Amino acid sequence: MTNRPLMSFRNVEEAWSSLNALLAAKPQPPQPVFISLLSAVSRMKQYQATVSFVERLHSAGLSNHLIVMNILVNSLCRTSRTDLAFSVLSRIFKIGLKPDSVTLNSLVDGLCRDGDFARAVNLVRDMTSRGDPADGYTIGVIVKCLCRSGNSDMALEFVADSEERGCSFINLVVYSTCVDGLCKEGRVDEALELLGVIRSKGILPNNVTYTTLIHGLCCQGRVDEALELLGVIRSKGILPNNKMYTAMIHGLCCRGKCDEARALLEEQVMNGIMPDVVSYTSLIQGLSACSRWIEVKDVFEEMVNRGIKPSLNTFNVLIDGLGKEGKIDEAQCIFDVMVSKGFEPTTCIYNSLINGYCLHGQTKEANNVFVAMIEKGCSPDVVTFNTLMNGYFMEKNFGQARLLFFEMLNRGLKPDRITYSVLIRGFFLSGNARAALQLFYKIIAYGDTVDEKTYAIVMDGLCKCRRINEAIILLRNLENTGVDLDVFVYNILINGACEAEMFDVVMELLHSMLCKRVQPDVVTMNAIIKGLCKSGVVSTAYELLDTMRKLGISRSDHTYATIMEGFLKDYEGSSQMSPELSAKQLSIVATSQDQSEATAGILVAARVARQRSLCCFLEIMFSHYMQVRKERKHESNMYSRGKCYSAGLEIDKLGPEIQSNSRGLEC
């Protein structure tokens with residue numbers, strides 16, 4: 001027998017040797033010695049071996065002890081043999097022993113691991129009704145498992161029932177777990193109501209509770225409410241912790257409120273709480289999404305100067321943002337710096353770099369990254385193949401995209417929803433609408449989920465093939481599923497119908513949108529205006545400008561350019577429409593609205609006219625614009641006046657050019 005203490009073994013074989021030696025000893029050691037040995041094996045997490053040890057003790061008549069039974073129950077539950085563990089519970093009662101909280105906790109833990117939550121709750125109720133204790137651990141395990149599995153309602157019912165039974169272990173930890181569960185299920189309002197219940201019971205919420213709520217609000221984009229809650233926390237004398245600041249900074253950046261996020265980070269530093277790499281990465285991501293690259297550089301340098309090392313995610317955010325912005329050379333440079341610093345690129349980082357190249361038509365470089373990725377031993381995933389296939393399809397390199405798809409299958413990767421969407425779009429781009437539709441309907445036939453985006457791709461493909469009626473049928477099928485459609489889907493069909501000059505269908509689609517409370521946007525109206533102008537119905541298109549005003553839709557440069565093209569087309573093709581009437585019509589409509597928008601509209605219209613060498617048209621419009629501008633000079637507020645100033649100067653500069661050009665041109 002080894003001289004090493006029985007409570008410590010290097011491996012299971014050594015423990016077996018010790019057990020055999022103890023059983024052969026004369027006289028035999030007392031039972032507590034064997035229990036100590038069994039406990040040591042259990043702590044090694046060798047649960048199957050522990051069960052074998054108990055069986056050996058049982059054959060020696062040394063297993064009739066509650067500690068031994070509890071160790072056996074725990075080992076069986078840990079190896080997903082909970083039913084056998086309940087057989088042990090029956091044996092405990094049979095030999096006259098009384099289960100304790102350790103027995104109950106092991107069984108509850110096993111049931112929760114198996115996902116049998118209802119049985120776990122019933123077990124606790126049965127045991128407590130018999131007088132067997134359920135401690136705080138028991139309550140905590142059930143509540144945590146229920147909430148993590150998305151059964152917050154069952155957790156709250158269990159807590160309420162436990163309180164009615166006089167359980168004294170319903171504390172802040174239990175309630176905070178319920179708050180966390182509700183937030184993760186997206187039920188933040190109910191979580192806030194539960195916060196009120198907690199306070200009414202005289203339990204003071206702590207940083208953990210508030211952090212969970214702030215994170216939940218930010219995840220739903222309710223950053224203003226999260227800021228209000230942060231103010232409440234400060235007013236109660238509770239100092240926000242790092243997790244709370246991190247959640248707030250991330251939430252603000254996701255909503256594009258980078259200035260507020262940066263101010264909050266500075267407040268965090270002033271309060272003596274050093275921000276971590278997660279906070280800085282969130283701020284860098286928010287700034288890069290707003291194309292504020294100078295500030296991105298400043299924040300990155302600030303982070304490094306404060307001794308905070310960038311993480312892989314920090315580099316991924318930079319590479320992804322630069323790639324999407326078209327700064328692919330800078331993205332590659334960041335990648336090279338990351339590698340030189342000893343970081344091992346992940347699949348996600350390689351995907352970001354590949355995506356950057358593909359977005360800007362550099363599939364050769366993207367493929368080089370793909371090859372290097374494999375050579376470095378980093379396995380590509382479905383996202384990698386989806387990104388590359390989409391890049392090749394956009395370049396109409398259908399053969400290479402096809403080869404990639406088969407390589408993905410050969411690697412054992414299963415196509416996902418995005419894969420099918422990429423393939424469907426690729427088939428439409430290649431002119432093979434039949435293959436695209438066959439794949440689409442096959443996905444539906446196999447019972448796979450087809451979301452709104454996939455429907456949109458198919459409808460867009462059909463519209464481009466002038467198969468509008470088929471696209472409308474798909475839209476009605478999608479509407480019947482109860483899915484809330486956004487304006488993007490309707491815009492695809494409206495644009496297609498306008499291109500095909502099917503204006504009765506356009507009006508039907510607009511009616512459907514309004515009935516479903518989907519607000520048309522500037523893209524919707526621009527498509528209709530373009531279609532009407534193309535069909536020569538400029539007067540109706542002209543009226544839509546006023547409709548846009550009534551609907552609160554801002555006109556874009558494209559709106560004015562399109563309607564201007566329509567007026568010019570009518571003017572050039574008709575002897576009945578005078579240039580003065582056309583020019584005044586357009587400028588009156590434009591200047592009747594917000595002055596900054598009016599200036600932009602007139603400026604665009606002027607450029608179009610100048611490009612068409614219609615200088616008399618331009619001169620009349622310029623003259624009328626200056627007259628209206630003078631009349632309305634004192635009506636606009638300072639902000640609008642400031643916005644109009646630079647654009648107004650540009651129009652002012654056109655005056656001499658108009659005069660000089662008009663002398664040499666006949667209108």
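Okay, residues lined up against (1) closer than 21 Å to Asn313 by Cα; (2) touching a residue at least 24 places away in the same chain (Cβ under 8 Å); (3) surrounded by 17 or more Cβ atoms within 10 Å (Cβ to Cβ):
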{"position": "Val337", "(1), (2), (3)": "yes, no, no"}
{"position": "Thr347", "(1), (2), (3)": "yes, yes, no"}
{"position": "Ile354", "(1), (2), (3)": "yes, yes, yes"}
{"position": "Ala366", "(1), (2), (3)": "yes, yes, yes"}
{"position": "Gly377", "(1), (2), (3)": "yes, no, no"}
{"position": "Pro380", "(1), (2), (3)": "yes, yes, yes"}
{"position": "Val383", "(1), (2), (3)": "yes, yes, yes"}
{"position": "Asn390", "(1), (2), (3)": "no, yes, yes"}
{"position": "Gly399", "(1), (2), (3)": "no, no, no"}
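Taking first residues from the stretch 482-511 that are on the phi > 0 side of the Ramachandran plot and in contact (Cβ under 8 Å) with a residue 24 or more places away in the chain and partners that are of a type in the set (Ser, Thr, Tyr) and surrounded by fewer than 18 Cβ atoms within 10 Å (Cβ to Cβ), the Cβ contacts under 8 Å between residues at least 6 apart in sequence or on separate chains come to Glu501/Ser535. Out of Leu409, Leu423, one residue alone is free of Cβ contacts under 8 Å to residues at least 60 places away in the same chain, crowded, with 18+ Cβ neighbours inside 10 Å, in a helix (DSSP H, G or I) and not basic (Lys, Arg). It is Leu423. Note on the stretch 79-191: enclosed helices (runs of 4 or more DSSP H) holding 1 or more residues that are aromatic (Phe, Trp, Tyr) are 82-94, 117-129, 136-148, 152-164, 172-184. Set side by side, the residues Met69, Met44, Met7, Met1 differ, and just one is under 51 Å from the mean Cα position of the chain (by Cα), of a type outside the set (Ser, Thr, Tyr) and modelled with pLDDT under 80, which is Met7.
Inclusion of Lys364 among residues that are out of contact with any Asp or Glu (no Cβ under 6 Å at 6 or more places or on another chain), not small (Gly, Ala, Ser) and not in a helix (DSSP H, G or I) is not warranted. Inclusion of Phe343 among residues that are at pLDDT 90 or above, out of contact with any strand residue (DSSP E or B) (no Cβ under 6 Å at 6 or more places or on another chain), over 21 Å from Ser430 (Cβ atoms) and not small (Gly, Ala, Ser) is warranted.
Quick one: count up the residues across the stretch 266-292 that are in a helix (DSSP H, G or I) and more than 23 Å from the chain's Cα centre (by Cα). Step through it out loud before you land on a result.
Pass one, the stretch 266-292, residues in a helix (DSSP H, G or I): 266-270, 277-289.
Subsequent filtering for residues that are more than 23 Å from the chain's Cα centre (by Cα) retains 266-270.
Residues flagged as in a helix (DSSP H, G or I) and more than 23 Å from the chain's Cα centre (by Cα) within the stretch 266-292 amount to 5.
Filter the stretch 285-307 down to residues that are in contact with a Phe, Trp or Tyr (Cβ under 7 Å, 6 or more places away or on another chain) and over 18 Å from Ala261 (Cα atoms), then give me how many there are. The total comes to 0. Criterion applied to Leu19, Leu89 was being in contact with a helix residue (DSSP H, G or I) (Cβ under 8 Å, 6 or more places away or on another chain), without any contact (Cβ under 8 Å) to a residue 24 or more places away in the chain and surrounded by 15 or more Cβ atoms within 10 Å (Cβ to Cβ), and the one residue passing it is Leu89.
The values are calculated or read from the model by the stated rules, or taken from the named source; none is laboratory data. These numbers were taken from a predicted model, which means no experiment stands behind them. Ideal geometry is used to build each Cβ from the backbone, glycine not excepted, and the neighbour counts take in all protein chains shown.
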